[in-house]
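For reference, the structure I am asking about is given below.
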Amino acid sequence: MKAIGIDVGGQTIKGAVVDENGKISHESRVVTPKTSGIDVITAIADLVKEIQNKSEEKLPIGIAVAGMLNKDSRVMLTAPQIVGWKNFPLADELEKQIESKIFILNDANAAAFGEFIFGQGKGSEKFLSITLGTGVGGGIILDDKLFTGAFGSGGEVGHVSIDLNGKKCNCGGVGCVETYLGAAYLAQEVEEEIANYDGKTTLSNFTEPVNYHHLTQEVRNGDELANKIWNKKMKILGHFLASVNNLIDLDTIVLAGGITQSKDLMLEPVKINFDKYSPFIRQTNILATNFSNEAGILGAAAFALKN
Ligand SMILES: [Zn+2]
C-alpha cells in the first residue's frame with residue numbers, strides 16, 4: 001500500500017510517495033507561486049503528475065495545507081501564507097486538475113497524523129502533537145481518529161489563550177500561547193529583555209533578529225539572559241501542556257518543529273514543569289519528534305492511506 005503525500009506551505013510545495021511503513025521515495029518540490037490561488041493549484045497538480053510519472057502508479061493523494069479548512073475540508077477558509085486562498089473552493093479546484101482521489105487536511109493535523117502512524121505517537125490512544133515553528137500548531141488524535149471539532153477548527157492549541165492581558169496574536173486573539181512560544185514573536189521579546197537587563201549578554205551580539213537557533217546556541221554557551229529566557233519558555237510550555245492535559249488526559253504528547261533540534265535542552269525542563277503544574281498524578285509521555293521536515297508529507301500520505 002502506498003499513497004502520495006503533498007505538503008503545501010507558504011514557501012514550498014513538497015511531495016513524495018510514502019509506503020505503509022513510512023518509507024519515502026520519489027520526493028520532489030516546487031516553489032509556492034505568489035501570483036494567484038489557481039496558480040498554486042496548478043503547481044500542486046504538476047507536482048502530483050511528476051511524482052505519478054516517476055512512480056508509474058496511480059495512487060491516492062493526501063494534501064496537507066497551511067491554513068484553516070471548513071468542516072468537510074473542501075473549502076479553505078483562511079490561509080495567510082498562500083495568495084488567493086481565502087474562502088477558496090480548494091477541493092473543487094484540485095479535482096478539476098487531478099484525477100486521483102484526494103484527501104485534504106490542515107498541515108498541523110497532518111504532522112500529528114504522521115507522528116501517530118509512523119512516529120513517536122504510534123500506539124497512542126489519546127495523542128497530542130504540538131509543532132513549535134513560526135507559529136504554534138497542533139493536532140489531536142483520539143481513539144485512532146483525527147479530532148477536528150464541530151466546525152473543523154478543533155485542535156488549534158496555538159490559539160488557546162493563557163493571558164487575558166497578553167499580546168495581540170496574528171489570529172486576532174489576545175494572549176495566545178503562540179505569542180509566547182512562536183518563533184515569529186521571539187526577536188521582539190529578546191530585544192525587550194536585553195533592554196531591561198543590567199548585565200552583559202551575548203544575545204546583543206547578533207546583528208540579525210534573534211531566532212531560536214541563536215537563543216539555544218547562547219543557552220549552551222552559558223549566557224545568563226539566554227538561559228533566563230529559555231527557562232521561562234520551557235516553564236510556559238510545561239504549564240500549558242499540563243493545562244491542556246487537564247481537559248483531555250493524554251497518554252502521549254509529542255513536541256515537534258524546528259525548536260526540537262534542541263530537544264536535549266527541552267525535554268527535562270518541560271517534564272519538570274508539566275509535573276509541577278499537573279494537579280493530578282499523570283503518566284503522560286512527553287517525547288520529541290524524530291522527524292525533521294517530512295512529517296507533513298508522511299501525515300498527508302498516511303491520511304490518504306487510512307481513509
Ligand atoms: Zn492566536
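When you look at GLU224, is it assigned by TED's automatic domain parsing to the domain that holds CYS169, farther than 30 Å from ILE140 by Cβ and without any contact (Cβ under 8 Å) to a residue 24 or more places away in the chain, yes or no?
Considered against the rule, which asks whether it is assigned by TED's automatic domain parsing to the domain that holds CYS169, farther than 30 Å from ILE140 by Cβ and without any contact (Cβ under 8 Å) to a residue 24 or more places away in the chain, GLU224 comes out as no.
Six or more apart or on different chains, Cβ atoms under 8 Å: show the pairs whose first residue is in the stretch 181-204 and over 26 Å from VAL136 (Cβ atoms) and whose second is of a type in the set (Gly, Ala, Ser).
The qualifying pairs are THR202/ALA226.
Quick grid of which residues meet (1) assigned by TED's automatic domain parsing to the domain that holds GLY173; (2) at pLDDT 95 or above; (3) surrounded by 24 or more Cβ atoms within 10 Å (Cβ to Cβ):
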{"site": "GLY84", "(1), (2), (3)": "no, yes, no"}
{"site": "LEU90", "(1), (2), (3)": "no, yes, yes"}
{"site": "GLU93", "(1), (2), (3)": "no, yes, no"}
{"site": "GLN97", "(1), (2), (3)": "no, yes, no"}
{"site": "PHE103", "(1), (2), (3)": "no, yes, no"}
{"site": "LEU128", "(1), (2), (3)": "yes, yes, yes"}
{"site": "GLY137", "(1), (2), (3)": "yes, no, yes"}
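Would you pick out the residues in the stretch 259-300 that are more than 16 Å from the chain's Cα centre (by Cα), at pLDDT 95 or above and of a type in the set (A, V, I, L, M, F, W, C)?
Across the stretch 259-300, the qualifying residues are LEU265, MET266, LEU267, VAL270, ILE272, PHE274, ILE286.
For residues that are surrounded by fewer than 17 Cβ atoms within 10 Å (Cβ to Cβ) and of a type outside the set (A, V, I, L, M), scanning just the stretch 30-48, find the one that is farthest from PRO80 (Cα to Cα).
Among those that are surrounded by fewer than 17 Cβ atoms within 10 Å (Cβ to Cβ) and of a type outside the set (A, V, I, L, M), it is ASP46.
Taking only the stretch 170-217 into account, find how many residues are closer than 23 Å to THR134 by Cβ and over 25 Å from the mean Cα position of the chain (by Cα).
Total meeting the criteria: 7.
Please go through the stretch 262-283 and give me each residue that is open to solvent by 20 Å² or more (accessible area, probe 1.4 Å) and in contact with a strand residue (DSSP E or B) (Cβ under 8 Å, 6 or more places away or on another chain), ordered by number.
LYS263, LEU267, LYS271
Same structure again: I need a count of the residues in the stretch 194-225 that are of a type in the set (A, V, I, L, M, F, W, C) and open to solvent by 30 Å² or more (accessible area, probe 1.4 Å).
Summing the residues that are of a type in the set (A, V, I, L, M, F, W, C) and open to solvent by 30 Å² or more (accessible area, probe 1.4 Å) in the stretch 194-225 gives 3.
Would you pick out the residues in the stretch 243-258 that are part of a helix (DSSP H, G or I) and over 19 Å from the mean Cα position of the chain (by Cα)?
SER243, ASN246, LEU247, ILE248
Kindly indicate the residue of the stretch 8-26 that is of a type outside the set (Val, Ile, Thr), closer than 13 Å to ALA295 by Cα and assigned to a strand (DSSP E or B) and also farthest from the chain's Cα centre (by Cα) among those meeting that condition.
Within the stretch 8-26, the match that is farthest from the chain's Cα centre (by Cα) is ALA16.
Another one. Let me confirm something: among SER124, SER129, which residue is touching a residue at least 12 places away in the same chain (Cβ under 8 Å) and part of a strand (DSSP E or B)?
SER129
Additional query: Which one is nearest to the ligand (Cβ to nearest atom), of the residues in the stretch 167-193 that are polar (S, T, N, Q) and open to solvent by 10 Å² or more (accessible area, probe 1.4 Å)? Before the answer, list the steps.
The first filter runs over the stretch 167-193 and keeps only residues polar (S, T, N, Q), leaving 170, 179, 188.
Applying the additional criterion that residues be open to solvent by 10 Å² or more (accessible area, probe 1.4 Å) yields 170, 188.
Values: ASN170: 6, GLN188: 16 Å.
Top of the filtered list is ASN170.
The values are calculated or read from the model by the stated rules, or taken from the named source; none is laboratory data. Predicted model, so just to flag it, every value in this text is computed and none were measured. Because the Cβ atoms are built from the backbone with ideal geometry, glycine has one as well, and the counts that use them run over all protein chains shown. Accessible surface areas use protein heavy atoms only, side chains included; no ligands, DNA or RNA. Shrake-Rupley method; radii C 1.70, N 1.55, O 1.52, S 1.80 Å.
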